[in-house]
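Right, one structure below, let's go through it.
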Amino acid sequence: MDANHILESLNEAQQQAIKSDAKQSLILAGAGSGKTRVITHKVAWLSSILDINPMSIMTVTFTNKAAREMRGRIEGILGEQLQTMWCGTFHGLFHRMLKMHWQEAGLIKSFAILDGDDQLRVIKRVMKEMNIDLDQWPPSQVQWFINKQKEEGRRKAKISSNNSYLEEKMAEIYESYQAVCEAEGLVDFAEILLRSYELLNNNEGLRDHYQRRFEYVLVDEFQDTNEIQYLLLRQIVGPDGCIMVVGDDDQSIYSWRGAKSGNIKRYTKDFPKADVIKLEQNYRSTKNILSAANSVIKNNPSRMAKELWSNNEEGEMVKVYRAFNERDEAKFIVDIIKDWVKEGGCLSECAIIYRSNAQSRSLEDSILRAELPYRIYGGVRFYERAEIKNALAYARLAVDRNNDAAFERVINVPTRGIGAKTMDNLREAARQADSSLWQAAEEMAKANSSGRAVSSFQTFIDLINKIATHKDTEELGSFFTDLIEASELKEFHGKEPGEKGRSRVENLEELITATSNYFGIGEDDTDERTTLELFLDQAALDAGETQADESEKAIQLMTLHSSKGLEFPLVFIAGCEEGLFPHQRSMDDAGQLAEERRLCYVGMTRAMQRLYMTHAEVRSLYGSDSFSPVSRFIKEIPEELKYEIRLAAEKEHPDQGFKPRIVGGTDVADTPFALGDRVTHNMFGEGIILNYEGQGDNARVEVNFDSGGSKWLVVSYANLEKV
Ligand code: ATP
Ligand code: MG
């Protein structure tokens, strides 16, 4: 491999970064400027030109997928297999190190990794042993506290003692939890890094060994490293080792998880001789997309000075679509994707990006209806999310008490103090009586009315019976509102701290929107399923469709956070409304608002050829309707760079004060109704036609009923009459 081969596809600044013999360097550059590409080529350069063994190079990426891709690209450049190269995430790499030095690290050889759920279980167990009231001290908050301490590099002893009672209590639990982990050989995620740090810090020989062993360390997405990760890098590199970090302060989006974009400045202080290289040419996006992204991010205060230009074609303007509601938005997006494919594009070139997890629900709905394959990148489908499955399990029990799977799922969610032993007894009783768990629980409750576990069974039985009283209703939205309230699922999931808990609560609220809009249609006249049963069956089917696998060509759905580092020819950013994006809770805080804007910058710069930003006038999200103005981020894009998609037909309705419209323009459905017509339905009463789609038997109309809420109805079933 000669030098030219490695350098030929790089610009001058990139080449300089590759050829530089500076021991330490920082590449600070905007999105799509080839930072990741520099890392890949640098590894190739180090190994084939400078003859450094690939095993002596450590490359740190942000996700395992990125690591696999990186390894693949390097193998491509070098033409050899590099399975054992140290290329991975912080957790992956340092887990490997702990496996090799388990003894020095004070671990047992077969130590096991605790994922988040496992960790929570251990914390609960420890707290119970300490006789701590789990309701008063939510275990998930304790978990958050423990991980935060570890990420900051603190053991119990280092937690300052002049803290609040609350923190002292948490610190005590931290200590006991850690003792259990030590005794049982358990290592949580944060522990992997802290433990590795301590291993290197306390063991001079080993530290020397690794500082010599890794002749070069390269780090991608450096702006999102946290404290312990930074400290680890310093250990591995030593004061005088070779390290190249690449990053973009404008793409720092994980401060809520402890990331410190300040690490960039700290790095230049810790390594004062470091070469600072700026890459200024963007290769990813069209000129228009790039200018639009730049015009948004420039509204942030105190950025590090960076320029970014593109030699790509001008390209199309950023398209802004004002949808009537979230379903209109989803349908619009799916229609554009269909067109893209018709024009010869591929589904996997399309990405739909959104701020909040719960937004995926209406998008998934629309994609499923269009029968297109899709994947949620870095996440799970709406109906597979734990909190949604929990709510559905309550509903399933309401419909069928003998559904054991549903029973097992929620008997102790939220916690009702039913332990593993009680459950074993219950299962055994059910097995002997050849009955369902429900029946066995009823028997137990009847036979023995004292005892804590038994009274918990009775509470549960009463709860389900209460929920079931309305199971035959047509008003699924209010059924689920009651269910979620009675089950206290929101309080339960909301206790999980941070973004995760909020996201779970939002998903539960979104389930209310989903069910309020649901209008079930049976197979035929003989289908006697209730609306609830139809819905539950549909949800099971939707969840059962496995995600398109990685190789399959599928639409990519993801949150803005998971879109980091990726690129797609066609990108949609959905839900660009004030309160949703920027998110409500960040709007009053300058720091958080700046982070939202960086998220927007990340999202926009994923787009290579076409970028759509959509917003809805009315959005039912999290169970209620909101009328939110368009996001300030769209407003920050100058007029000459954006294009508002006009609709083919607009007709003002005097009564309602909103504009019904044909979506997509050309796609005229054959219904006997015009937009804005008033119609009457024998059950829902009078309403107004908002929207329609489909032909013949499939023709459907969306009616906004005066009684509240809008529904999609199949024309051939609904017996609508014009008023
Ligand atoms: P991000 O900030 O989003 O992580 P990045 O700075 O890491 O972006 P890359 O992903 O490395 O950018 O590169 C963006 C795109 O530009 C990729 O498709 C890459 O192959 C291409 N690219 C980078 N440098 C060049 C170059 N010199 N010539 C041609 N294409 C390039
Ligand atoms: Mg990158």
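The values are calculated or read from the model by the stated rules, or taken from the named source; none is laboratory data. As the structure is a computational prediction, the values presented were derived from the model and not from experiment. When we count neighbours, we look across all protein chains shown, and the Cβ atoms used for this are built from the backbone with ideal geometry, even at glycine. These accessible areas exclude ligands, DNA and RNA; they are computed on the full protein's heavy atoms, side chains included. Shrake-Rupley method; radii C 1.70, N 1.55, O 1.52, S 1.80 Å.
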Check: Across region 401-445, what is the total count of residues that are over 39 Å from the mean Cα position of the chain (by Cα) and either within 26 Å of H493 (Cα to Cα) or buried (at least 18 other Cβ atoms within 10 Å of the Cβ) (or both)?
Finding: 4
Next item on the list: Just give me the residues in region 216-240 being in contact with a strand residue (DSSP E or B) (Cβ under 7 Å, 6 or more places away or on another chain) and either β-branched (V, I, T) or more than 16 Å from ligand 2 (Cβ to nearest atom) (or both), in sequence order.
Entry: Y216, V217, V219, T225, N226, L233, I236, V237
Next item on the list: Hey, could you check region 94-137 for residues that are more than 15 Å from E191 (Cβ to Cβ) and of a type in the set (A, V, I, L, M) and say which is surrounded by the fewest Cβ atoms within 10 Å (Cβ to Cβ)?
Entry: M100
Check: Only one of G664, G687, G708, G694 is at pLDDT below 75, open to solvent by less than 80 Å² (accessible area, probe 1.4 Å), of a type outside the set (V, I, T) and farther than 19 Å from F332 by Cβ; which?
Finding: G708
Checklist line | Count of region 17-39 residues which are open to solvent by 30 Å² or more (accessible area, probe 1.4 Å), charged (D, E, K, R) and within 15 Å of ligand 2 (Cβ to nearest atom) | finding: 1
Note to self: I want to confirm something. Restricting to region 45-62 and keeping residues that are β-branched (V, I, T) and surrounded by 19 or more Cβ atoms within 10 Å (Cβ to Cβ), which single residue is nearest to ligand 2 (Cβ to nearest atom)?
What the structure shows: T61
Margin query: Looking only at helices (runs of 4 or more DSSP H) that lie completely in region 370-438, which have at least 1 residues being out of contact with any strand residue (DSSP E or B) (no Cβ under 6 Å at 6 or more places or on another chain), modelled with pLDDT under 95 and of a type in the set (S, T, Y)?
Written below: 420-433
Next item on the list: Return a yes/no flag: does region 254-275 have any residue that is aliphatic (A, V, I, L, M), within 16 Å of ligand 1 (Cβ to nearest atom), touching a helix residue (DSSP H, G or I) at 6+ places or on another chain (Cβ under 7 Å) and touching a residue at least 40 places away in the same chain (Cβ under 8 Å).
Entry: yes
Checklist line | Some residue of region 305-313 being among the small types (G, A, S), in contact with a strand residue (DSSP E or B) (Cβ under 7 Å, 6 or more places away or on another chain) and modelled with pLDDT under 95 | finding: yes
Margin query: Can you list the strands (runs of 3 or more DSSP E) lying wholly within region 1-112 that have 1 or more residues being out of contact with any Ser or Thr (no Cβ under 8 Å at 6 or more places or on another chain) and in contact (Cβ under 8 Å) with a residue 40 or more places away in the chain?
Written below: 24-29, 57-60
Next item on the list: Could you tell me whether any residue of region 65-84 is within 16 Å of ligand 2 (Cβ to nearest atom), under 22 Å from E151 (Cβ atoms) and in contact with a strand residue (DSSP E or B) (Cβ under 8 Å, 6 or more places away or on another chain)?
Entry: yes
Next item on the list: Please enumerate the residues belonging to region 207-242 that are outside any helix (DSSP H, G or I) and under 29 Å from G591 (Cβ atoms).
Entry: V219, D220, E221, T225, N226
Next item on the list: Kindly indicate whether Q235 is of a type outside the set (D, E, K, R), more than 29 Å from the chain's Cα centre (by Cα), more than 16 Å from ligand 1 (Cβ to nearest atom) and under 24 Å from E191 (Cβ atoms).
Entry: yes
Check: If you go through region 1-16 one residue at a time, how many are out of contact with any His (no Cβ under 9 Å at 6 or more places or on another chain) and either among the β-branched types (V, I, T) or within 16 Å of ligand 2 (Cβ to nearest atom) (or both)?
Finding: 2
Item checked: Test set (1) away from ligand 1 (no atom under 16 Å from the Cβ); (2) within 30 Å of L347 (Cβ to Cβ); (3) of a type outside the set (A, V, I, L, M) - D588 fails condition number -> (2)
Margin query: Cβ contacts < 6 Å: first residue not assigned by TED's automatic domain parsing to the domain that holds E596, restricted to region 484-506; second residue of a type in the set (D, E) and buried (at least 18 other Cβ atoms within 10 Å of the Cβ), any location; separation 6+ or different chain. Result?
Written below: H493/E387; R504/E387
Notebook entry, point to check: Would region 52-59 turn up any residue that is more than 9 Å from ligand 1 (Cβ to nearest atom), modelled with pLDDT of 90 or more and either within 26 Å of the chain's Cα centre (by Cα) or not assigned by TED's automatic domain parsing to the domain that holds R266 (or both)?
Noted result: yes
Margin query: So, in region 168-206, how many residues would count as being more than 27 Å from Q143 (Cβ to Cβ) and assigned to a helix (DSSP H, G or I)?
Written below: 3
Notebook entry, point to check: Does region 135-159 hold any residues that are of a type outside the set (A, V, I, L, M), without any contact (Cβ under 8 Å) to a residue 12 or more places away in the chain and either in a helix (DSSP H, G or I) or within 13 Å of I173 (Cβ to Cβ) (or both), and which are they?
Noted result: Q136, K158
Notebook entry, point to check: Which one is nearest to V246 (Cα to Cα), of the residues in region 281-300 that are assigned to a loop (DSSP other than H, G, I, E, B) and touching a helix residue (DSSP H, G or I) at 6+ places or on another chain (Cβ under 7 Å)?
Noted result: N300
Check: Quick one: would you say K42 is buried (at least 16 other Cβ atoms within 10 Å of the Cβ) and within 16 Å of ligand 1 (Cβ to nearest atom)?
Finding: yes
Notebook entry, point to check: Looking only at region 596-630, which residues are surrounded by fewer than 24 Cβ atoms within 10 Å (Cβ to Cβ) and in a loop (DSSP other than H, G, I, E, B)?
Noted result: E617, V618, Y622, G623, F627, S628, P629
Check: When region 581-595 is examined, which residues are found to be under 28 Å from Y518 (Cα atoms) and either buried (at least 23 other Cβ atoms within 10 Å of the Cβ) or in the same structural domain as D248 (by TED's automatic domain parsing) (or both)?
Finding: F581
Notebook entry, point to check: Under the condition of being more than 16 Å from ligand 1 (Cβ to nearest atom) and at pLDDT 95 or above, which residue from region 216-226 is nearest to R257 (Cα to Cα)?
Noted result: V217
Check: Which pairs have Cβ atoms under 7 Å, sit 6 or more apart or on different chains, and link a residue in region 561-577 that is within 15 Å of ligand 2 (Cβ to nearest atom) to one that is open to solvent by 10 Å² or more (accessible area, probe 1.4 Å) and hydrophobic (A, V, I, L, M, F, W, C)?
Finding: K564/F62; G565/F62; G565/A66; E567/M608; F568/M608
Checklist line | Test: D335 is of a type outside the set (A, V, I, L, M) and open to solvent by 20 Å² or more (accessible area, probe 1.4 Å) | finding: yes
